[in-house]
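A.B. asks: Following this message is one structure expressed as structure tokens.
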Amino acid sequence: MLMQAWMGIAQAHVGPHASVHDTVAGIVQRLVRSQSTNQLTQLKLADVVRELTRHEKEILGSEHVTFRVSTDALVTVLKDVRATNDPFWLADRGFERRELEVVQGKLRYEAWERRFGVGEVGLGVNSLSGVGEHYLVLVRPVTAGQALVVEPLFPAQLRVGVFTNGIAPYADRGETVTNVPPELEGQVIVRTVHSRGGDARMLGLFRWTEHPSGARPDHVALTWSGDPRTSQTIQWRTGPVTKRGYVAYGKAADLDSPRARKPIRVKATSEVLKDEQLLNDPAIHRHTVELKGLEPGTRYRYSVGDGTRGGWDEYRDFTTAPAGAVPFSFVYMGDAQNGLDRWGSLVHNAFRERPDAAFYLMAGDLVNRGAHRDDWDSFFHNARDIFDRRTVVPVIGNHENQGGHPTLYLKHFTLPRNGPAGVEAERAYSFHYSNAHFIILDSNLDPSTQTAWLEKELAASNATWRFVSCHHPAYSSAVGRQNEKLFREWTPIFDKYHVDVVLQGHDHAYLRTHPMKEGKPVATPAEGTVYVVSVSGTKFYPQAQHDYTQVGLTNVATWQVLDIQIKGNRLHYVAKDIDGAVRDRFVIEK
């Protein structure tokens, strides 16, 4: 009787709900006006709560999650114990602490309960501090056995279910609960939206960037959004005063000749990129130019600027991909993420040692906080004089999805739009370089959204070498971080079409597997796929010894160079640390 009629509920908005978003925006604006920069960066939870008006407390304490109950009900909020004083409204709204906890892996949720009469139940924001996972909501009738209908729900993404082992407690995430206490078994769960946990966050919002923009261009970076043989995309930023951008370019040979030709000028697509919590640089202009119709295997020279006589930056060079099969090399790195200044030293050492590398493939988690522009400022600052001369090939990681969507990642990189139908453009894509086929996957999404496209790409490929890169590993180096659905969906396709190497990140340790096929080690790379996990930043995890581990290293940042030789069809792979010491190497011969 408990769950009678819940299956057919409408997902409707009940009543004239105030906007939590607008309320938070108003509070933030008031804080900016009334507080000094130093005060804003040192705000504590109690400071923010004291700042709230009575009306704001009412909105933030009752308008985040709402639903109606058809009978008198007991509502339990399961909150992350790490959020000591959040949600701030629980005690004020009459919720009382129960001597009951839900333990799920490393997470612990404590129970707060209150009785509601027939009608609307309104629950407040998850957190002002930004600490902890989104709370869970359970509902049961006061009278045991009484029919209970929970409808309608707001926001519309909410879902209901039965709280039992195997239920996914969040409407937007797939992980399940496996340790439901008997006292809570069978209750109605209102499945909240995990990504909305930070909707009202006001601590740690206000920041400053160590690398503010200026009138002149910086953060110049090369990507491919078209065919690497005939196109090159160039992106850079300026401060808010410089609103236009241009690229002047030409073949290096022509510009260097005694009768130098005048560079071709192309106007950029320019847009404002805002991060209003950056106190010293809240708005910049981001400029993008895609050069088309270039000649393969040709060195070009370019400059970016605002189009005025004195508004041009220095000239830089890039070289288009070759028309046919020629030897080439590229650099691969795992997560940069933390300690980007130290990562900058590593990537510059790699560039000095291997200036011949054609491009740099980064296997996700380029930054730690993907929704904070100051992290991106640090990333591009530390890659200066490299990514403006060698194309960066980014893979999207989980940290790029901070806040639920990789907005700044997609704004900073213009990438091929040739990925799977139904997946947001530029999150998964492919390209060819020389005799190699590269497929970039978004492992943050359900792998099944890309499986058919992945197989189509590989089935149609006649490339000698096949590389795949995704952030989350098919073979994890750590304990308890296996990506089982990814493994089930993608590795059979890697086996079927013999992908040579899969380049991954996420686990913050170095791992190279034996050649693998059907989940088991095989004798040679001719029979199976080699999977690599690496980290290039300063955050490290321990790892376990697995039956698939051929080389495992911890507490070391590395960069890898892969050399493709045409004569003999050989791949030489070397992994080096920041000091240039060789940590791993292998050879694949076709």
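A.B. asks: Exposure proxy check: 135, 109 ranked by fewest other beta carbons within 10 Å?
C.D. replies: If I rank by nearby Cβ atoms, fewest first, I get 109, 135.
A.B. asks: How many lysine pairs in the range 207-322, separated by 8 or more positions in sequence or lying on different chains, have Cα atoms less than 27 Å apart?
C.D. replies: Lysine pairs, 8 or more places apart or on different chains, close enough: 9.
A.B. asks: How large is Rg/Rh for the range 28-110, to two decimals, with Cα atoms and a Kirkwood Rh?
C.D. replies: 1.05
A.B. asks: Here's something else I'd like to know. How many percent of the alpha carbon pairs in the range 207-322 exceed a separation of 18 Å? Provide the component values of the computation, followed by the final result.
C.D. replies: Values: 3460 of 6670 pairs.
Looking at the range 207-322, the distances longer than 18 Å represent 52 percent of pairs.
A.B. asks: Which residue, 126, 296, 535, has the largest displacement toward the positive end of the dipole of the chain when charges sit on each Cβ (Lys, Arg +1; Asp, Glu -1)?
C.D. replies: 296
A.B. asks: Can you give the Rg to Rh ratio of the range 6-196, both from alpha-carbon atoms, with Rh computed by the Kirkwood formula?
C.D. replies: 0.98
A.B. asks: Further question: Only Lys, Arg, Asp and Glu count, each charged at its Cβ (+1, +1, -1, -1), so figure out the dipole size of the range 6-196 about its Cα centre, rounded to 20 debye.
C.D. replies: Using Cβ point charges on Lys, Arg, Asp and Glu, the range 6-196 gives about 280 debye.
A.B. asks: Going through the range 361-395, which chymotrypsin sites (Phe, Trp or Tyr not before Pro) have at most 10 other Cβ atoms within 10 Å and a DSSP loop state?
C.D. replies: Sparse-neighbourhood loop chymotrypsin sites (Phe, Trp or Tyr not before Pro): none present.
A.B. asks: Would you mind ranking 284, 396 so that the residue whose beta carbon has the fewest other beta carbons within 10 Å leads the list? Don't jump to the answer; show the numbers that get you there.
C.D. replies: Details: 284 25, 396 29.
Least crowded to most crowded, the residues run 284, 396.
A.B. asks: Where both residues lie in the range 276-429, what percent of DSSP beta bridges are antiparallel, nearest 5?
C.D. replies: If I count the DSSP bridges inside the range 276-429, around 40 percent turn out antiparallel.
A.B. asks: Along the charge dipole of the chain, which of 521, 105, 450 sits closest to the positive end, that is, farthest toward it, with unit charges on the beta carbon of Lys, Arg, Asp and Glu (+1, +1, -1, -1)?
C.D. replies: So the residue furthest toward the plus end is 450.
A.B. asks: Among 213, 430, 397, which residue has its Cα positioned farthest towards the positive end of the charge dipole of the chain, with +1 placed on the Cβ of Lys and Arg, -1 on the Cβ of Asp and Glu, and the dipole taken about the Cα centre?
C.D. replies: Going by the charge dipole, the pick is 213.
A.B. asks: Multiply the residue gap between residue 317 and residue 54 by 0.36 nm, knock off their C-alpha separation, and tell me the result in nm, one decimal place.
C.D. replies: Separation in residues times 0.36 nm, less the Cα-Cα distance, equals 88.7 nm.
A.B. asks: Let me ask something else about it. Suppose R0 equals 25 Å. What FRET efficiency, 1/(1 + (r/R0)^6) with r the Cβ-Cβ distance, do residue 35 and residue 381 give to the nearest 0.05? Each step should come with its number before you reach the end.
C.D. replies: Details: r = 28 Å, r/R0 = 1.12.
For residue 35 and residue 381, the calculated efficiency is 0.35.
A.B. asks: With 10 angstrom as the radius, rank 392, 574, 367 by how many other C-beta atoms surround their C-beta, starting from the fewest.
C.D. replies: 574, 392, 367
A.B. asks: Same structure again: Starting from the Cα of residue 569, step 7 Å toward the Cβ, then list every residue of the range 457-479 with an amide N under 15 Å from that point.
C.D. replies: 461-467
A.B. asks: Assign unit charges at the C-beta atoms only (+1 for Lys and Arg, -1 for Asp and Glu), then state the dipole size of the chain relative to its Cα centre in Debye, rounded to the nearest 20. Mind showing how you got there, number by number?
C.D. replies: Details: 68 positive and 68 negative charges, 299 e Å.
The dipole magnitude comes to about 1440 debye.
A.B. asks: Relative to the Cα centre, what is the charge dipole magnitude of the range 131-275, using +1 at the beta carbon of each Lys and Arg, -1 at the beta carbon of each Asp and Glu, and rounding to the nearest 20 debye?
C.D. replies: So the dipole magnitude of the range 131-275 works out to roughly 1220 debye.
A.B. asks: Using a Cα-Cα cut-off of under 22 Å, which lysines could be cross-linked to residue 520, ignoring same-chain neighbours fewer than 8 residues away?
C.D. replies: In chain and number order, the partners are 485, 496, 590.
A.B. asks: Provide, in order from the shortest bin, the percent of all Cα-Cα pairs of the chain in each 10 Å bin, continuing until the bin that contains the maximum pair distance.
C.D. replies: 3, 15, 23, 23, 18, 12, 5, 1, 0, 0
A.B. asks: Among all stretches of the chain without exposed GluC sites (Glu not before Pro) (DSSP loop, at most 16 other Cβ atoms within 10 Å), which one is longest?
C.D. replies: Looking at the chain, 1-174 is the longest stretch - no exposed GluC sites (Glu not before Pro) with at most 16 other Cβ atoms within 10 Å.
No lab work stands behind these numbers, since they all come straight from the coordinates. Given the structure is predicted, the values throughout are model-derived calculations rather than measurements. Methodologically, a virtual Cβ is constructed for each residue, glycine included, from the backbone with ideal geometry; neighbour enumeration extends over all protein chains shown.
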